[in-house]
Amino acid sequence: MFLAFLVGNDASAVEDNLFEEQTVRLGYFYRPSFQEGMQDDEQKNGFGYEYLQKISYLSGWRYEYVYGTFETLFEKLKSGEIDILAGVRDTKERRGLVNFSDFIMSQEDGENYYICTAKRRTDLLKKLNSTLSLIDSTEPFFLQELTRKYRHPIKLTDEFPELIENFVQKHNVLKIGYFDNYLPYCDTLPSGKATGSMVDIMNGILSKVNLSDKIELEYKPYDDYSDLIKDLDSKKVDLIFPCSNESWFAEQNGMYLSRVVVDSGMNIAYLKNYNSSIFEKISVNKNNILQYQYTRAYFPDAEIVLCASIDDCLKAVIDGEAGSTIINSFRSGTILKNRIYNDILFQPLSTLDERCFGVRVGNPELLRILNRGIYELGYDFGINVSYNYTDGLYKYSIFDFLGDNIGLVLFCSFFVILLIVLFFIRRQIRLKKQTEKDRKTQFELQSASATAIFRMSTL
């Protein structure tokens, strides 16, 4: 507590030294999700806007907005007509014209974007760097959270039409490898046709970049994720899905990662009591590198129990061979509806499961096309279409039907048994009546026979 007090006081002292009310002329250009609201009385929002507001809270800056296109505002920054401008792409030429901050604001396809000040405003540059350093040390996840909120802060440049034209000249087919039996993301229908949100996302991307009638999509399923990566490396497929949004994973496997196309929460599935023991042994699908890497990354001390499928992972939990297994929330809610998993419980984990496309290193044109299409589709598209395929994870069996309709089943069973009992009772009554009738007939025959014999004996 004493250490926290010292750290808190130290941070407050830094903030006090930084904060000084000052009017700063801010160049403000329009980009969707980056800077919106192009009049003083129009509501503003976006990645860049919120980032600049965070800076103003700590520095004491009050912004005087100067509106215009990026090109016009950059010229004003060079001439000193404005003081700062956000979203400036780093180039060698620009480095000599304006002051770049020490901290990267955003990245787009390997290019860095910064907040810049006018060349003569070294005083503002110094305060800007101090403020950004404070944000980095006290709120290290601020940019990450802001990026997740707005997803795509800086839109691609206007060179895109030329990129599309060049790409189409070299490609008329895109070969997509995917991890099979992995709904809601991807799966294969009995007809052999690919299905899942992956198909909707790819169709949406091509539509957004006007390539639907120019490029054909070919899908190839893989049961083992390792084979998927190998075929990407050997150029048998052009891109793969899904990939984790992990830079280390991408570097080790020689691929570029696209923007995130869909994310979901992660759940830990376990039996009975939630305690530390369930993390000691975690079952993992041996064919699913994504699940393995996630488990290794967030539970490094756990013993991994390798299984042949996610169903076997859950069975291992039920049988006590593992304490738990990890499933994303799209899959867990529906898979666990299957009655054989009635005893399985789950709890949400604190991390998100982010999915991207993987593109082979050396194919940046395809990466830019994917990123542009994903940007145009918007953040919610991948999530919404994924929900359309979750039902395929639920295998409704005869046991599920019996369990869901236990009252009706018991009533029908009772009714059938009652009918059987009534049938046998009625049959017994009929048999009894028939027996009595037969006895009466036999008695009458015996009486008639005795009478006849008696009469004959008296003749």
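Residue-level check: of (1) touching a helix residue (DSSP H, G or I) at 6+ places or on another chain (Cβ under 9 Å); (2) basic (Lys, Arg); (3) modelled with pLDDT under 95, Lys92 misses just (1).
With respect to Thr131, determine if the residue is crowded, with 18+ Cβ neighbours inside 10 Å and in contact with a helix residue (DSSP H, G or I) (Cβ under 7 Å, 6 or more places away or on another chain). The answer is yes for Thr131. When Lys126, Lys149, Lys214 are checked against the criterion of being loosely packed, with under 15 Cβ neighbours inside 10 Å, outside any strand (DSSP E or B) and at pLDDT 95 or above, Lys126 stands alone in meeting it.
Of the helices (runs of 4 or more DSSP H) contained entirely in segment 269-365, those carrying at least 2 residues that are within 16 Å of the chain's Cα centre (by Cα) and modelled with pLDDT under 95 fall at 289-298, 329-335. If you check Asn253, Asn275 for being surrounded by fewer than 22 Cβ atoms within 10 Å (Cβ to Cβ), over 30 Å from Leu345 (Cα atoms), out of contact with any Lys or Arg (no Cβ under 8 Å at 6 or more places or on another chain) and among the polar types (S, T, N, Q), only one passes: Asn253. The set of residues in segment 180-195 that are hydrophobic (A, V, I, L, M, F, W, C) and under 19 Å from Cys243 (Cβ atoms) comprises Leu183, Cys186, Ala194. Among the residues examined, Phe47 qualifies as closer than 24 Å to Asp136 by Cβ and not basic (Lys, Arg).
Cβ-Cβ distances below 6 Å connect the following pairs, each with a first residue in segment 66-87 that is surrounded by fewer than 18 Cβ atoms within 10 Å (Cβ to Cβ), a second residue that is not in a loop (DSSP other than H, G, I, E, B), and a separation of six or more residues or different chains: Tyr67/Tyr28.
The values are calculated or read from the model by the stated rules, or taken from the named source; none is laboratory data. Keep in mind it's a predicted model, so treat the numbers as computed, not measured. Every residue, glycine as well, gets a Cβ built from its backbone with ideal geometry; the counts of neighbours run over all protein chains shown.
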